[in-house]
Amino acid sequence: MHRRIAVLIAVAAAAAAVPGVAAAAASPHYYLALGDSLSQGMQPNVKGVTVDTDQGYANDIAQAEQARVRNLQLVKLGCGGETTTSMLTGKGNETNARKLHCDKAGGSQLTAAVRFLKAHHRAGEVPLITIDIGANDVDGCVTSANVDGCVAAGVANIGRNVPKILKALRKAAPSGTTIADMTLYDPILGYYFSANATDRALASASTVLLKDVNDELTVADGKAGVKTADVADAFDSYDSTQMVSWEGQSIPINVATVCAWTWACQTPPTGPNIHANLDGYEVIAGAFEKVIGRLH
């Protein structure tokens with residue numbers, strides 16, 4: 001009996017001494033990334049086709065947190081083209097979801113997320129959930145004959161749907177989960193350089209409209225006890241008075257940041273494209289990291 005105990009102790013000690021063995025035996029923890037195309041790190045490829053990547057803000061956050069949370073695994077359930085309505089109901093983004101092979105077990109992204117959380121409900125098993133949603137509720141307004149009315153309708157959808165989404169996630173999440181949402185940057189500022197006077201006017205007006213959208217998101221976050229990553233602030237989205245140098249000319253800082261950190265000012269085939277580039281995704285990740293704090 002003593003010999004058997006000694007052997008077991010020796011085997012355990014040897015396993016602990018082998019790199020990776022202890023980590024592999026540890027229970028996994030999950031970071032759940034939800035939302036639209038930004039949560040999937042979508043960017044245009046060299047042909048101008050917008051595709052999922054493993055270089056988005058969720059990947060950046062996961063890499064940072066993996067140094068602090070043992071055996072943390074990134075799970076992406078976000079879907080390009082998702083609106084607050086389609087995230088909630090599964091309706092309105094079906095074609096894009098099929099094309100992108102979005103995982104919507106149960107019919108909608110929210111249902112899939114709730115199922116995942118209920119299946120991993122041990123305290124601390126899902127230390128982090130991030131969300132970005134709402135951009136697609138208003139992005140299509142740039143082609144509307146009534147931009148203000150279109151944005152108002154989108155803001156109303158956000159105000160109606162986001163609280164329901166956050167409430168469901170908070171209810172399904174295990175104890176100790178940190179949930180963080182984000183405000184939106186302003187890719188419409190890329191129209192600043194347009195030869196079309198209507199487009200330039202839209203770029204000028206877009207910051208006011210964006211404030212309405214972000215205010216609605218921030219209010220919903222506060223009521224749900226969800227942290228808000230202020231990406232709009234990180235992109236200086238509302239600051240059109242401070243001028244900076246950009247390619248030999250003086251332009252507003254909010255235009256310069258959106259040109260530097262997204263594909264919105266690029267020429268074809270890679271642009272114009274509303275998605276963040278590698279630098280932009282790092283900025284978004286940094287905004288999340290500021291509010292996430294220490295995960296449990």
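Worth a mention:
- Considering only Ala156, Leu74, Leu88, the residue lying farthest towards the positive end of the dipole of the stretch 26-157 is Leu74, judged by Cα position with unit charges set on Cβ.
- Among Ala67, Ala180, Ala168: highest mean-square fluctuation, GNM of the chain, C-alpha pairs under 10 Å: Ala67
- Among Thr85, Thr198, Thr270, the largest mean-square fluctuation in a Gaussian network model of the chain, built with springs joining Cα atoms closer than 10 Å, belongs to Thr198.
- Intensity falloff of the chain expressed as log10 I(q)/I(0), Debye formula with alpha-carbon point scatterers, at q = 0.14, 0.16 Å⁻¹: -1.02, -1.30
- Length-normalised contact order of the stretch 193-296 in % [C-alpha pairs under 8 Å, at least 6 apart]: 21
- For the chain, modelled as a GNM whose springs connect Cα atoms under 10 angstrom apart, the maximal fluctuation among Val244, Val213, Val114 occurs at Val244.
- Listed cross-link partners Lys99/Lys167; Lys118/Lys164; Lys104/Lys167; Lys99/Lys290; Lys76/Lys171; Lys211/Lys290 are compared with a 26 Å cut-off, the Cα-Cα value being larger for Lys99/Lys167; Lys99/Lys290.
- Rounded to the nearest 20 debye, the dipole size of the stretch 192-255 about its Cα centre is 60 debye, using +1 on the Cβ of Lys and Arg and -1 on the Cβ of Asp and Glu.
- Other-chain or far-sequence residues with amide H under 5 Å of Thr50's (modelled H): Asn45
- DSSP beta bridges confined to the chain are antiparallel in about 35 percent of cases.
- Sequence-distant residues sharing a close amide H with Thr262 (under 5 Å, placed H): Asn277
Here, each number is a calculation from the coordinates, and none is a lab measurement. None of the values given here were measured: they were computed from a predicted structure. Positions of Cβ are backbone-derived with ideal geometry, glycine not excepted, and every protein chain shown enters the neighbour counts.
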